[in-house]
1. Using 1/(1 + (r/R0)^6) with R0 = 25 angstrom and r between the beta carbons of residue 138 and residue 1, what's the FRET efficiency to the nearest 0.05?
2. How do 318-326, 170-178, 219-227 rank on mean C-beta neighbours within 10 Å, highest first?
3. How far is it, in nm, from the label point at residue 173 to the one at residue 228 when both lie 7 Å from their Cα along the line to the Cβ?
4. Pick the calculated Cα extents along the principal axes in Å for this structure from (1) 61, 46, 37; (2) 74, 62, 43; (3) 58, 47, 41?
5. Taking R0 as 22 Å, what FRET efficiency do you get between residue 89 and residue 122 from their Cβ-Cβ distance, rounded to the nearest 0.05?
6. Treating region 176-307 as a set of equal point scatterers at the Cα positions, no solvent, please give the Debye-formula log₁₀ I(q)/I(0) at q = 0.13, 0.16, 0.21 Å⁻¹.
7. Please find the FRET efficiency linking residue 327 to residue 151, where r is the Cβ-Cβ separation and R0 is fixed at 35 Å, and quote it to the nearest 0.05.
8. Quickly work out the residue 212-to-residue 108 label distance, labels modelled 7 Å from Cα along the C-beta direction, and quote it in nm with one decimal.
């Protein structure tokens, strides 16, 4: 079993899938036991630690986590991976800008095929919905909120609808007028907004002078690649999307103030020099060595959005930084900072499970 899981993780790495990386395999043939060693996934969290101290309600971290599970299963299935034991407990999570990224961490029952049948995908999805329902209901009980258990089980059904919508979007064929370049660009933009790079556009003859458009998508790292190309920064997909938006806004602001149009390259260089690096230095003492500084900057941007929405105007980055630091730089993965949110841990520290591979100490 250990050898099989080791091989699956190596193949998943070769396919560049969101899974932990195999580092080694230790076998004791006399006792027929083995230990699989995986690389530590920096800034990762178990679902209990992520959700233990935040409300289990729609629109919050719980929904972001359900989105992450749906995206993860879609990416695995597109690559021919049958997980077999999809669950919250077998997944590690990283906060990714205003979203959450999920990584497969337990592949004992996983198999990789050239492709999956609809039956295999449906079976894997059924397992996921059932296990997510159990995990969320168990979390509600651990928090001392048994009245929320039924609602959590119902919320788990949202993973199914999320998965089906995303799968349909990625594999949808659209009839468009021949020569309609806007329709093609709109389809590409929609997939890019979801984070997927489009590797190929196929146009097949249709009826009534129309053509059938089908897009072939690659990895879900469109914004991450674009950010790295412009700035050299390696970020997660959701982080990169927020940072590129911030960079774009700053370039437009510079152009308005200086009365000229800046190139994307010049805008990126000045944003990196005058905005991102100085802010990261200011945040460093509050975030400490264990937290992801790029995520800290994304948290500031989200803080800025919420403050601006409440004020009915743009409060500015400086005010957002000050308010974020005054609140203790709060984040679900940081216990001390969460004290500023006044969220009580009713389970007495169940959120962090010592000794679990991949979780921060």
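Each reported figure results from applying straightforward, stated rules to the coordinates on display, with no laboratory input. Remember, predicted model here, so these are calculated numbers, not experimental data. As a convention, Cβ positions derive from the backbone with ideal geometry for all residues, glycine included, and neighbour counts pool all protein chains shown.
1. On the way: r = 25 Å, r/R0 = 1.01.
It comes out at approximately 0.50.
2. Values: 318-326: 16.1, 170-178: 13.4, 219-227: 20.6.
Going by the mean number of other Cβ atoms within 10 Å, highest first, we get 219-227, 318-326, 170-178.
3. If labels sit at residue 173 and residue 228, their model points lie 3.4 nm apart.
4. Computing Cα extents along the principal axes in Å and matching it to (1) 61, 46, 37; (2) 74, 62, 43; (3) 58, 47, 41 gives (2).
5. Rounded to the nearest 0.05, the efficiency is 0.50.
6. Computed log10 I(q)/I(0) values: -0.69, -0.90, -1.21.
7. On the way: r = 29 Å, r/R0 = 0.82.
Given R0 = 35 Å and the Cβ-Cβ separation, E is 0.75.
8. 4.4
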